[in-house]
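The structure appears below as structure tokens.
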Amino acid sequence: MKFIFFGPPGCGKGTYASRIAPQLGIVHIATGDMFRAEVAAGTKLGKLAEKCMKAGNLVPDDVTIKMFKKRVKKKDAQKGFILDGFPRTLAQAKELDNMAKIDLVINIELSEGIILEKALARRICEKCGNIYNIADINRNGIKMPPLLPKKEGICDKCGGFLVQRKDDNEETIRDRLNIYRRQSEPLIEFYRKKKLVRDIKVVGPPEVMVPKIMEILKKR
Ligand code: AMP
């Protein structure tokens, strides 16, 4: 079972993947999380990634592909995986084609207005990376109540402090959305030609979306 969760930054794919992968007994591979770990560890790759992320740019393909290849070869990824944030360019998709046979691409759709509102309200545990959201959205048939921790500012899972990701500011978010439209959205056509895409509109919180996505994946 090898799946790609595709969609604009902030559409919720990280949350869905982190909940669905354990249910399927496969790993969740998020290149954004891997880069953030490199930044936190202060590695050479982390320093390069930090510059790109701060500017809202993509990390260059060569280093991204190298890091991804290393991860996907690990034992825990052999049974299957959900990719979140990879591939993001045609070059990455073509490389992935040589590495694995993808079963399905879930294309997650959400308007840019809601993405912006949600992204600015996103909080992440600085220790374990668990995601929360303080926005309360209810319009145009989309109901997304906040995803709050039990104790304000504290992670339910590990007790770590909740912080705003450095790249979750309006200017960077708009840059990321523009880059998505320019560089990543064309990938959908690449996968549509292979008849691998299932579109799904976000209409509710993860409790609503996760079962919907699970149903699609199980049929596969
Ligand atoms: P994400 O957590 O997926 O939103 O990723 C955060 C940032 O990490 C992105 O804005 C990029 O700068 C970088 N990044 C993550 N995945 C990739 C990728 N596949 N290719 C290039 N840059 C990436």
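The values are calculated or read from the model by the stated rules, or taken from the named source; none is laboratory data. Treat the numbers as computed from the prediction; the structure is a model and nothing was measured. Cβ placement follows ideal geometry from the backbone for every residue including glycine, while neighbour counts extend to all protein chains displayed. Accessible surface areas use protein heavy atoms only, side chains included; no ligands, DNA or RNA. Shrake-Rupley method; radii C 1.70, N 1.55, O 1.52, S 1.80 Å.
General remarks:
- Cβ-placed point charges (K, R +1; D, E -1), dipole of segment 109-220 about Cα centre in debye, nearest 20: 680 debye
- Exposure check, 1.4 Å probe, all protein chains in place: ASP168 carries approximately 10 Å² of accessible surface.
- Two-decimal Rg to Rh for segment 82-177 - Kirkwood Rh, Cα set: 1.04
- Simple rule: put +1 on each Lys or Arg Cβ and -1 on each Asp or Glu Cβ in the chain, find the dipole, and look at ALA37, ILE137, CYS11; the Cα lying farthest toward the positive end is ALA37.
- Area of LYS218 that stays accessible when all protein chains are in place (1.4 Å probe, Å², to 10): 150 Å²
- Assuming charge only on the beta carbon of Lys and Arg (+1) and of Asp and Glu (-1), the dipole of the chain about its Cα centre is about 800 debye to the nearest 20.
- Amide H within-cut-off set for ALA135, under 5 Å, with H built and near neighbours excluded: LEU147
- With a Förster radius of 41 Å applied to the beta-carbon distance between LYS79 and ASN140, the computed FRET efficiency rounds to 0.60.
- Extension gain for ASP62-GLN164 works out to 33.9 nm (0.36 nm per residue, less the C-alpha to C-alpha distance).
- For the peptides 37-43, 25-31, 127-133, residues were scored by their other Cβ atoms within 10 Å and the scores averaged per peptide; the highest-first order is 25-31, 127-133, 37-43.
- Here the extension length gained between GLN23 and LYS219 equals 69.1 nm, from 0.36 nm per residue of separation less the Cα-Cα distance.
- Of all accessible heavy-atom area on the chain, the percent that carbon and sulfur account for (1.4 Å): 52 percent
- Unit Cα scatterers, Debye sum, segment 1-141: log10 I(q)/I(0) for q = 0.13, 0.21 Å⁻¹: -0.60, -1.53
- Taking all protein chains together and a 1.4 Å probe, the residues VAL203, VAL59 rank VAL203, VAL59 from largest to smallest accessible area.
- Residue pairs exceeding 21 angstrom between C-alpha atoms, taken from LYS2/LYS218; LYS44/LYS118; LYS66/LYS127; LYS13/LYS201; LYS118/LYS150; LYS70/LYS166: LYS44/LYS118; LYS66/LYS127; LYS70/LYS166.
- Note, ³J(HN,Hα) from phi for segment 211-220, Karplus 6.51, -1.76, 1.60, rounded to Hz, x at Gly and Pro: x, 4, 5, 4, 4, 5, 5, 5, 5, 6
- The chain, relative contact order [Cα under 8 Å, separation at least 6], %: 28 percent
- Fraction of beta bridges assigned by DSSP in segment 69-220 that are antiparallel (%, nearest 5): 65 percent
- The Cα atoms of segment 147-200 give a gyration tensor whose axes a ≥ b ≥ c have a/c of 1.5 or more with a/b no greater than b/c, which makes the shape oblate.
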